[in-house]
Structure formats: C-alpha cells, structure tokens
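The values are calculated or read from the model by the stated rules, or taken from the named source; none is laboratory data. For clarity, every value in this text was computed on a predicted model and none was experimentally measured. Cβ placement follows ideal geometry from the backbone for every residue including glycine, while neighbour counts extend to all protein chains displayed. To get the accessible areas, we keep the full protein, side chains included, count just its heavy atoms, and leave off ligands, DNA and RNA. Shrake-Rupley method; radii C 1.70, N 1.55, O 1.52, S 1.80 Å.
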Amino acid sequence: MDNSELRLCDLRDGEWARVISVSSRGQIAQRLLDLGFVEGMRVKRLFAAPSGDPAAYLICGATIALRASDSSGISVKKTSPAEFW
C-alpha cells in the first residue's frame, strides 16, 4: 500500500473512495468481488454500528454491511463525491 492508499475500514462516515484492490483470500475474497468491490468501483461509508463494527457501505447502489476484519482486506483511495458525477 502506498501513502495515498488506505483500508476500507479506515474510512469515516460520509467519506467516498475508489477500490484499488482486494487482498483477502479464499471465499471472502470471492464474495467481496461478487458484491462489487472491484478495482475502480466507487464506495461510500455510510455509518457504523454503535460499537463501531460492522460498518455500512454504499456500493453499486446497494448498502452492504461488512465487519472490520473483512473490510480491512480492501485497499481504497479517498476521493471527493464530485469526481463521480
């Protein structure tokens, strides 16, 4: 990961990012890809549970809840919402 990259779980509520890569392995990696976490896809962190885990993300028009242990395997680059429209 270079300096501009961070993990999906490190986004704050309301922040937008683009997916760079999925480094998870096995079935969870395939499931994340099936859900739309592919290179270049935009994603927004909506909110987290009161305990902080899981967090809800908007991707491909769907709201997906992921545990930090799963979202930590997704590398993203923060961006502004204006870049998407």
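In this structure, does residue 78 turn out to be at pLDDT below 95 and part of a strand (DSSP E or B)? Let's see the steps before the verdict.
Numbers: at pLDDT below 95: yes; part of a strand (DSSP E or B): yes.
Yes.
If you filter region 11-48 down to residues that are small (Gly, Ala, Ser) and over 19 Å from residue 63 (Cβ atoms), you find that the one that is surrounded by the most Cβ atoms within 10 Å (Cβ to Cβ) is 24. If the condition is being more than 12 Å from the chain's Cα centre (by Cα) and either touching a residue at least 40 places away in the same chain (Cβ under 8 Å) or open to solvent by less than 60 Å² (accessible area, probe 1.4 Å) (or both), then region 55-64 contributes only 62. Would a scan of region 76-85 turn up a residue that is surrounded by 14 or more Cβ atoms within 10 Å (Cβ to Cβ) and touching a Cys at 6+ places or on another chain (Cβ under 8 Å)? The answer is no; no qualifying residue exists. Among the residues of this structure, residue 14 counts as one that is under 17 Å from residue 80 (Cβ atoms) and not in a strand (DSSP E or B).
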